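Below is one structure, written out as structure tokens; the observations come after it.
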Amino acid sequence: MRKLCMLLMIAAMVVMSACSQDQPETKDREDDHLVFVEGGTFKNRNTNYVGAEVTLSSFYIGKYEVTQKEWAEVMGSNPSGFKGDDLPVEMVSWYDALAYCNQRSVKEGFTPYYNIDKNKKDPNNKNANDNVKWTVTVNKDANGYRLPTEIEWEYAASGGQSSQNYTYSGSNNADDVAWYWKNAGDKYLSGDWNWPIIENNRNQSKSIGMQKPNELGIYDMSGNVREWCWDWYEHPELPKNTYRVVKGGGWIGDVSNNEIAFRGKFDPNGYGPDQGFRVVRSG
């Protein structure tokens, strides 16, 4: 009887040990994937939308910028100039980002968010430099991956309902949370922005998650690589439907570009060594 009891206790311990090992691994994979952002109104005063009559629904956003490893696993190749599995993917256009979102959705069993017609030029696209101009519409009820809207991006970067009113995503000191031209190379630079100095300093993108996260546990929303958003860039002095919004600044740019409220713009078909993105899924 004692022997039977001992065997049962050992079996129970083995099962408990297996469960204790499996559960954290599963949780870690979920935590590394997406962060839940509770909906609501803007609380951060250093945004473009504080006081605006806009209430966001809850959504999930990438804890990190899409990495080169994640890109290659979905797309089969790596376009980035600086190679490394944990480096953010770069040298990707707005169209490339949409294609990735759809292909990753299919791979993971979700319904693609975008309807992409590569053979029909978008008549609303007024960008003279854009030779792609895919016609893209959305499936609003789809559960697949997509780019954040500018408002969603800014809301998540500003800390959502947990905002501490930081200027940058997670701090009032850019060096705590962002990789930008002064700190993204061999040594810390000073003075005015200067490309030859930046190049000689061997500046480049950095592995995800090396700086401090913001209030929601999201990394690199200031600095590292600029991030594509869904929206057209709107400005009273520019024609509509010309550029797409990019947010967060990158390792090449000045510290002002890392501010949550900074609005960048780029040709939809444009790409560069500081241009990447992160994904969103609806809540």
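The values are calculated or read from the model by the stated rules, or taken from the named source; none is laboratory data. Please read these numbers as outputs of a predicted model, since none were measured by experiment. Quick reminder, even Gly has a Cβ in these numbers, built from the backbone with ideal geometry, and neighbours come from all protein chains shown. What goes into the accessible areas is simple: the full protein's heavy atoms, side chains included, and nothing from ligands, DNA or RNA. Shrake-Rupley method; radii C 1.70, N 1.55, O 1.52, S 1.80 Å.
When the stretch 194-211 is limited to residues that are part of a loop (DSSP other than H, G, I, E, B) and among the aliphatic types (A, V, I, L, M), the one that is most open to solvent (accessible area, probe 1.4 Å) turns out to be Met210. Could you look through the stretch 31-54, keep only residues that are modelled with pLDDT of 95 or more and outside any loop (DSSP other than H, G, I, E, B), and pick out the one that is most open to solvent (accessible area, probe 1.4 Å)? Out of the qualifying residues, it is Phe36. Just so you know, in the stretch 138-193 the residues that are aromatic (Phe, Trp, Tyr) and either part of a loop (DSSP other than H, G, I, E, B) or open to solvent by 50 Å² or more (accessible area, probe 1.4 Å) (or both) include one that is nearest to Val92 (Cα to Cα), and it is Tyr145. Within the bounds of the stretch 79-96, is there any residue that is under 17 Å from the mean Cα position of the chain (by Cα), without any contact (Cβ under 8 Å) to a residue 60 or more places away in the chain and surrounded by fewer than 20 Cβ atoms within 10 Å (Cβ to Cβ)? Looking through the stretch 79-96, at least one residue is under 17 Å from the mean Cα position of the chain (by Cα), without any contact (Cβ under 8 Å) to a residue 60 or more places away in the chain and surrounded by fewer than 20 Cβ atoms within 10 Å (Cβ to Cβ).
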